[in-house]
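Below: one structure, written as structure tokens.
Rule-based calculations on the coordinates, nothing more; no lab input. What you see is a predicted model; the values in this text were computed from it and never measured. For neighbour counting, all protein chains shown are included, and Cβ atoms are generated from backbone atoms with ideal geometry for every residue, glycine included.
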Ligand SMILES: [Zn+2]
Ligand SMILES: [Zn+2]
């Protein structure tokens, strides 16, 4: 790890510079109100991700709405010639736990129930804290954001579980497994929260600190 | 080590960069091999220097391309019960969902399991081959940009774990056996992140020329005009 020399504590935006989000080139736009494209990689240049808060809010609210049916409706339905029963996410966790594979039950519980919920709560907290211009706890908030980015994709776990059980267990008329309506809602929650984490601009966390010139480091 | 921000002597020859997570301007000192520079304010990783940023990722990407073909063409899981046998592939899994009427979910699974990793491997291979003979054409930058966008959607790590859970659930109903694709997928789950770690995008960007200054809507900041602006 190398210690870096800050060029005083000043941000690129304060110098009228934009750091390209893709290739990290530092560029000076000819027209700051319409920065255009990166001269090197062609990516769009923006001082801060455009309408970051509105977009992230829209995605988070949509994901929160889908989160309810994702948990209430059945993930998959098992049909045998004698009976048929449907399992929700929690039902699947309980089933795994009861059948003795509690480490897997724990993984599914964390990945499918706690991670999506935690992600929604974390994003709402980040959005509110930025909107209210909260100056402190920047390091904690930055760490929270990184965690949301890192673990988000793991909630896709249950979608893959259902996909491959459905694909495999097709022994009609003996036994067949069908996907339940919750799978769609669940996959949509994961995709929406992943995009929400990408539209949220972490630089906004530090902007409110810089405005009040009391960084907590 | 070439310096994209001009060759003024001393500290100012160190490239100027803004942190992607907090926008703080800072200079990146010359890094030792396997060294990493972190943001002075938020700790975000700004730059890393892998030991061989072009050859090793190229070797890994070629391997990944071969393993990828194996993973999507061979059988993933097989199931035997009461004298009947069934098996599925990765694409077969998505196809079965599609047939059950879950078209959107099937498309998402298909994207995360085949399209995103496939594009990632092809685009990465293109970029690494282009980098072998500088200068990289302007569209090389575009290719790398798309490649980096595909990376978080390549979910073989999540999928491997998902299939493990599926295996254990199904094993209680019937006897299941793992196909070659399952092992291939496990290998890809390790290979794809390894490509990203061994690769240094800065090495490629250095080779990509900037657009003509007269027509561009923005221009790269040279050290000299940064100093001239009075900071
Ligand atoms: Zn760029
Ligand atoms: Zn930073």
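Give the residues of the range B:95-114 whose amide nitrogen is closer than 19 Å to a point set 7 Å from the Cα of residue A:72 in the direction of its Cβ.
none
Over the alpha carbons of the range A:49-216, what is the largest minus smallest coordinate on each principal axis, giving the biggest first in Å?
69, 31, 21
Return the FRET efficiency for the residue pair residue B:56, residue A:147: r is the Cβ-Cβ distance, R0 is 30 Å, and the value is rounded to the nearest 0.05.
That pair, residue B:56 with residue A:147, gives E of 0.55.
Would you give the gap between the C-alpha center of the range A:31-71 and the C-alpha center of the range B:126-203, rounded to a whole Å?
Measuring centre to centre over Cα atoms gives 25 Å.
At a Förster distance of 22 Å, what's the computed FRET efficiency of residue B:177 paired with residue B:99, Cβ-Cβ distance as r, to 0.05?
Approximately 0.40, to the nearest 0.05.
Taking the Cα atoms only, what angle lies between the long axis of helix B:55-73 and the longest principal axis of chain B, rounded to 10 degrees?
In chain B, helix B:55-73 runs at an angle near 20 degrees to the longest axis.
Compute a Gaussian network model of chain B, connecting alpha carbons closer than 10 Å, and tell me which residue from B:27, B:49, B:84 fluctuates the most.
B:84
On a full-extension model of 0.36 nm per residue, what is the gain between residue B:73 and residue B:168, subtracting their alpha-carbon distance, rounded to one decimal in nm?
Roughly 31.9 nm would be gained on extension.
Calculated from DSSP H runs of 4 or more alone, at -39500 (n - 2.57) each and per residue, what is the 222 nm mean residue ellipticity of chain B, nearest 500?
Dividing the helical sum by the residues of chain B leaves -15500 deg cm²/dmol.
Evaluate E = 1/(1 + (r/R0)^6) for residue A:84 and residue B:84, where r is the Cβ-Cβ distance and R0 equals 22 Å; express this FRET efficiency to the nearest 0.05.
0.65
Return the single residue from A:96, A:25, A:53 with maximal mean-square fluctuation; model: Gaussian network over chain A, springs between Cα atoms under 10 Å.
Highest fluctuation of the listed residues: A:25.
Helix A:89-98 versus the longest principal axis of chain A: what angle, 0 to 90°, nearest 10, using Cα atoms?
60
What angle, in degrees between 0 and 90 and rounded to the nearest 10, separates the Cα long axis of helix A:138-151 from the longest principal axis of the Cα atoms of chain A?
The angle comes out near 40 degrees.
Could you check which residue among A:48, A:28, A:203 shows the biggest mean-square fluctuation in a GNM of chain A with a 10 Å Cα cutoff?
A:28
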